[in-house]
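Chemist: A single structure is presented below for examination.
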Amino acid sequence: MNERKIKELQKQFNYQMLQDLINSGEAWRIGGETTKNCKEALKSGACYLPYHSIKINIFVTVPSRYQVSPSDYGSMHRSKKFWSDPWNVSQEIGKSVFLNA
């Protein structure tokens, strides 16, 4: 599993927008449900942190994927593990079938 394959799966299962918001830092500026969804996607491994850390305000900086340990939320390792697990992919297929029905 590599980053290109993860991006394809994110696009297929509607995580691309969340990943784009995380990469740009807008996920944390928007707040509300969007921030909650981005945090959940990082926690599960469906999304990962950006290449570079992002300073949100004077007190808060979002780390890069390289500044967290491999098992932490937002790491590329966690994302690879999530998308490599057939159970997780089958759950995403189920969600997309339910939403498109």
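The values are calculated or read from the model by the stated rules, or taken from the named source; none is laboratory data. Just so you know, these numbers come straight off a predicted model, no measurement behind them. Every residue, glycine among them, receives a Cβ derived from its backbone with ideal geometry; neighbour counts consider all protein chains shown. Protein only, heavy atoms only, side chains kept; ligands, DNA and RNA dropped before computing areas. Shrake-Rupley method; radii C 1.70, N 1.55, O 1.52, S 1.80 Å.
Chemist: Any residue in segment 15-32 that is under 21 Å from residue 90 (Cβ atoms), outside any helix (DSSP H, G or I), under 11 Å from the mean Cα position of the chain (by Cα) and not aliphatic (A, V, I, L, M)?
Modeler: Checked against the condition, which is being under 21 Å from residue 90 (Cβ atoms), outside any helix (DSSP H, G or I), under 11 Å from the mean Cα position of the chain (by Cα) and not aliphatic (A, V, I, L, M), segment 15-32 yields at least one hit.
Chemist: Which of the residues spanning segment 63-85 are of a type outside the set (Phe, Trp, Tyr), outside any helix (DSSP H, G or I) and touching a Lys or Arg at 6+ places or on another chain (Cβ under 8 Å)? Working first, answer last.
Modeler: Taking segment 63-85 first, the residues of a type outside the set (Phe, Trp, Tyr) are 63-65, 67-72, 74-81, 84-85.
Pick out the ones that are also outside any helix (DSSP H, G or I) and you get 63-65, 67-72, 74-75, 85.
Listed by number, the residues that qualify are 70, 71, 72, 74, 75.
Chemist: Quick one: residue 53 ticks every box in (1) open to solvent by 20 Å² or more (accessible area, probe 1.4 Å); (2) hydroxyl-bearing (Ser, Thr, Tyr); (3) under 12 Å from the mean Cα position of the chain (by Cα) except a single one, so which number is it?
Modeler: Against the list (1) open to solvent by 20 Å² or more (accessible area, probe 1.4 Å); (2) hydroxyl-bearing (Ser, Thr, Tyr); (3) under 12 Å from the mean Cα position of the chain (by Cα), residue 53 comes up short only on (3).
Chemist: I'm trying to understand the selection: among the residues of segment 18-48, which are hydrophobic (A, V, I, L, M, F, W, C), farther than 16 Å from residue 5 by Cα and surrounded by 13 or more Cβ atoms within 10 Å (Cβ to Cβ)?
Modeler: Restricting attention to segment 18-48, the residues satisfying the condition of being hydrophobic (A, V, I, L, M, F, W, C) are 18, 21-22, 27-28, 30, 38, 41-42, 46-47.
Narrowing further to those that are farther than 16 Å from residue 5 by Cα: 18, 21-22, 27-28, 30, 38, 41-42.
If the condition is that a residue be hydrophobic (A, V, I, L, M, F, W, C), farther than 16 Å from residue 5 by Cα and surrounded by 13 or more Cβ atoms within 10 Å (Cβ to Cβ), then 18, 21, 22, 27, 28, 38, 41, 42 are the ones that fit.
Chemist: Filtering segment 5-14 down to residues that are open to solvent by 30 Å² or more (accessible area, probe 1.4 Å) and part of a helix (DSSP H, G or I), which residue is farthest from residue 54 (Cα to Cα)?
Modeler: Applying the first criterion (open to solvent by 30 Å² or more (accessible area, probe 1.4 Å)) to segment 5-14 yields 5, 7-8, 11-12, 14.
Filter once more, keeping what is part of a helix (DSSP H, G or I): 5, 7-8, 11-12.
Details: 5: 25, 7: 21, 8: 24, 11: 23, 12: 27 Å.
Looking at residues that are open to solvent by 30 Å² or more (accessible area, probe 1.4 Å) and part of a helix (DSSP H, G or I), I get 12.
Chemist: Taking into account only those residues within segment 61-82 that are touching a residue at least 24 places away in the same chain (Cβ under 8 Å) and of a type in the set (Phe, Trp, Tyr), which is farthest from residue 25 (Cα to Cα)? Can you show your working first?
Modeler: Within segment 61-82, the subset touching a residue at least 24 places away in the same chain (Cβ under 8 Å) is 62, 73-76, 78-82.
Going one step further and asking which of them are of a type in the set (Phe, Trp, Tyr), we end up with 73, 82.
Details: 73: 16, 82: 22 Å.
Here the residue is 82.
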